[in-house]
Amino acid sequence: MKILVADDDLDLLGLVAYSLSQAGYLVVKASDGPGALATFDAEAPDLVILDINMPGTSGFEVCTAIRARGDVPVMMLTARGEEQDLVKALELGADDYLTKPFGLRELMSRIKALLRRSYGDLSDAVGGRVIRHGDLLIDLERRRVQRGTRRVSLTPTEFEILGHLASRPGRVYTRSELLELLRDYEALDQDEKTINVHVSHLRDKIEDDPAAPAFVLTVRGVGYAFAER
């Protein structure tokens, strides 16, 4: 899973990033508030570690902006250890915090616990490719799907459709294209109309309202596409 680390202490930033990389996580870095927000928008991390005291835009402001974008777990770092800072961080939506100086073992333990609370057993998918859109997670390597902490059980055909669509958000696939992709995966002697049936069943399982889907969208007269961020 991908973790964004934002801290203006470059030595600490490098040490934390290196340790996370050695543990198998993908790591992206920022050294100030504006950079943290830009990296968040560009990289769509699964967890954010934020220093409270950063130039340009404080960690508090970055946390507030991230919360407005979704429910990605946020851990705050503070060197001051003042209770009012910790309370404010939690009130702004931070999920956890650590006071500097801290041990790397404690940091790793906190990160694993936070990922597990947020993503369930998909948090263990280190090294595999996990697609996240809101609270929908798709583990392409282990062929698992979750909404929040709820496991979603899909048929092989439903998973293939979801995987192809989600791998290229916004790209419109015609029914004939999806049928050909499925034929590459398994010998299907079906026509294009069956794609509609599979998509309908898929929506029943992953959408809050299958009649107004938020993930698998219909492009009238063409086919289907996965929603862009």
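Quick notes on this one:
- Condition check for residue 225: of a type outside the set (Val, Ile, Thr), touching a Gly at 6+ places or on another chain (Cβ under 7 Å) and modelled with pLDDT of 90 or more: yes
- Close contacts from region 153-172, counting a first residue that is over 12 Å from residue 216 (Cα atoms) and a second that is part of a helix (DSSP H, G or I) and of a type in the set (Ser, Thr, Tyr), with Cβ to Cβ under 9 Å and a gap of 6+ residues or different chains, come to 156/185; 157/185; 157/194; 160/185.
- Residue in region 60-73 that is basic (Lys, Arg), surrounded by fewer than 14 Cβ atoms within 10 Å (Cβ to Cβ) and either out of contact with any helix residue (DSSP H, G or I) (no Cβ under 9 Å at 6 or more places or on another chain) or without any contact (Cβ under 8 Å) to a residue 60 or more places away in the chain (or both) present: yes
- Counted residues, region 74-119 - those being exposed (fewer than 13 other Cβ atoms within 10 Å of the Cβ) and among the β-branched types (Val, Ile, Thr): 1
- Options 57, 39: the member that is without any contact (Cβ under 8 Å) to a residue 40 or more places away in the chain and either in contact with a helix residue (DSSP H, G or I) (Cβ under 7 Å, 6 or more places away or on another chain) or hydrophobic (A, V, I, L, M, F, W, C) (or both): 57
- Scanning region 38-93 for residues that are in a helix (DSSP H, G or I), among the charged types (D, E, K, R) and more than 22 Å from the chain's Cα centre (by Cα) gives 83, 85, 88, 91.
Every residue, every condition in (1) out of contact with any Gly (no Cβ under 9 Å at 6 or more places or on another chain); (2) β-branched (Val, Ile, Thr); (3) more than 30 Å from residue 150 (Cβ to Cβ), yes or no:
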{"site": "58", "(1), (2), (3)": "no, no, yes"}
{"site": "66", "(1), (2), (3)": "no, yes, no"}
{"site": "88", "(1), (2), (3)": "yes, no, yes"}
{"site": "95", "(1), (2), (3)": "yes, no, no"}
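- Among the residues of region 126-160, those identified as of a type in the set (Ser, Thr, Tyr) and out of contact with any Lys or Arg (no Cβ under 9 Å at 6 or more places or on another chain) are 155, 157.
- Pick from region 2-21, criterion more than 21 Å from the chain's Cα centre (by Cα) and among the hydrophobic types (A, V, I, L, M, F, W, C), ranking: nearest to residue 41 (Cα to Cα): 13
- Number of residues in region 44-61 that are over 16 Å from residue 17 (Cβ atoms) and aliphatic (A, V, I, L, M): the value is 2.
The values are calculated or read from the model by the stated rules, or taken from the named source; none is laboratory data. Please read these numbers as outputs of a predicted model, since none were measured by experiment. In this analysis, Cβ positions are derived from the backbone assuming ideal geometry, glycine residues included, and neighbour counts consider all displayed protein chains.
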